[in-house]
Amino acid sequence: MCKYYLCGLDVTCFKNTRSDGEVQRFVDADDLEKLRDDGLRAAFQAAPSEEKAKLGYERMTKDVLDKMIRECDKRIERGMIRAKEERDAATEKAAVSADADMLALLRRKMDESAEKAEKLGEEGDVDGAEAEFAQIETFKKRADEVQAKLESLDGYRLTEPCPISGTLLMNTDTAERRQEHLIGKQYQGWKHIRELRDELVERLKKYEDAGLDSPRAADDDRRRSGGGGGRRSRSPPRSR
């Protein structure tokens with residue numbers, strides 16, 4: 001029986017996705033083949049806290065989740081650096097683009113119309129001044145549109161990492177594509193992993209506060225943490 005599955009982690013949750021290796025790096029190979037039974041999971045979850053704390057499976061699962069999340073967060077950080085570099089490069093290109101030239105022209109025309117309106121007003125030509133003010137509004141509306149386009153970097157292909165899964169998304173992705181990502185295996189898997197880790201942190205804290213934390217489990221956890229990354233050659237205790 002897979003002890004991780006008892007605690008809420010399906011080690012095959014990312015099968016056939018790019019995230020599959022994120023699990024396999026931190027669990028034994030035979031854990032991928034162990035029994036995953038919902039009935040046994042429910043029985044384990046319903047077991048007394050003393051028994052669960054003594055087994056130490058939840059601590060082992062949290063240890064794996066911590067490592068997975070650290071690796072995912074590193075990937076997200078790299079993605080954010082890449083996204084900033086792409087955005088900075090696109091901003092530089094946009095600053096010397098035809099749209100930037102158009103924006104400068106529209107602003108000059110706005111200034112010219114403002115000067116004309118002021119002069120016409122001083123001369124008593126109310127209609128002429130109002131016509132220039134109307135021109136200013138037209139130029140301003142167009143300038144706002146161009147400014148918004150420049151700030152959005154529309155037309156430039158940019159990436160951004162999903163803050164949950166680290167998957168790289170494109171600014172050109174449609175709303176349908178974004179929705180597919182949110183209901184997809186990688187996003188839902190990483191969302192569950194992060195939520196499960198937080199739940200286990202709270203549960204283990206309650207064990208410690210109640211004096212139920214298993215010294216043997218804690219020692220095993222420290223040995224695993226100090227043993228470096230990758231799979232371990234020794235299998236952890238099997239479920240009874």
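Each label point was placed 7 Å from the Cα along the Cα-to-Cβ direction; for I81 and A175 their separation is 3.6 nm. Placing +1 on the Cβ of every Lys and Arg and -1 on the Cβ of every Asp and Glu, with nothing else charged, gives region 64-210 a dipole about its Cα centre of roughly 1360 debye. Counting heavy atoms of the protein chains alone, S49 has an accessible area of about 50 Å² for a 1.4 Å probe. Where q = 0.10 Å⁻¹, what log10 of I(q)/I(0) comes from the Debye formula for region 1-142, counting one point per Cα? Once normalised to I(0) and log-transformed, intensities are -0.59.
Across bins of 10 angstrom width beginning at 0, how are the C-alpha pair distances of region 116-222 distributed, in whole percent? Percent of Cα pairs in each bin: 11, 19, 15, 15, 13, 11, 8, 5, 4, 0. Under the simplified labelling scheme, the H192-S152 pair shows an inter-label distance of 3.6 nm, with each label point 7 Å from Cα along Cα→Cβ.
Computing the accessible area with a 1.4 Å probe over protein heavy atoms, can you report the carbon and sulfur percentage for the chain? C and S fraction of accessible area: 50 percent.
For the set K34/K191; K62/K185; K109/K149; K52/K74; K67/K185, the pairs lying more than 27 angstrom apart at their alpha carbons are K52/K74.
Applying 1/(1 + (r/R0)^6) with R0 = 41 Å to the Cβ-Cβ distance of A210 and L182 gives a FRET efficiency near 0.60. In region 73-159, the convex hull through the Cα atoms has an average projected area of 6.7 nm², a quarter of its surface area. By the combined test of axial Cα extent (at least 20 Å) and Kyte-Doolittle hydropathy (mean at least -1.0), the qualifying DSSP H helices of the chain come to 98-122, 126-152.
Taking max minus min of the alpha-carbon positions on each principal axis, the chain gives extents of 97, 34, 32 Å, largest first. Report summary: the helix-based calculation at 222 nm, which adds -39500 (n - 2.57) for every DSSP H run with n ≥ 4 and divides by the residues of the chain, gives -22500 deg cm²/dmol.
Taking every alpha-carbon pair in region 16-95 and binning the separations at 5 Å intervals from zero gives 3, 11, 13, 16, 15, 11, 8, 6, 5, 4, 4, 3, 1 percent. Relative to the current alpha-carbon distance between E137 and D101, full extension at 0.36 nm per residue lengthens the span by 11.0 nm.
The values are calculated or read from the model by the stated rules, or taken from the named source; none is laboratory data. As the structure is a prediction and not an experimental result, all values here were calculated from the model. Cβ: placed from backbone, ideal geometry, glycine included. Neighbour counts: every protein chain shown. Side chains are part of the model used for accessible areas, which takes the heavy atoms of the whole protein and leaves out ligands, DNA and RNA. Shrake-Rupley method; radii C 1.70, N 1.55, O 1.52, S 1.80 Å.
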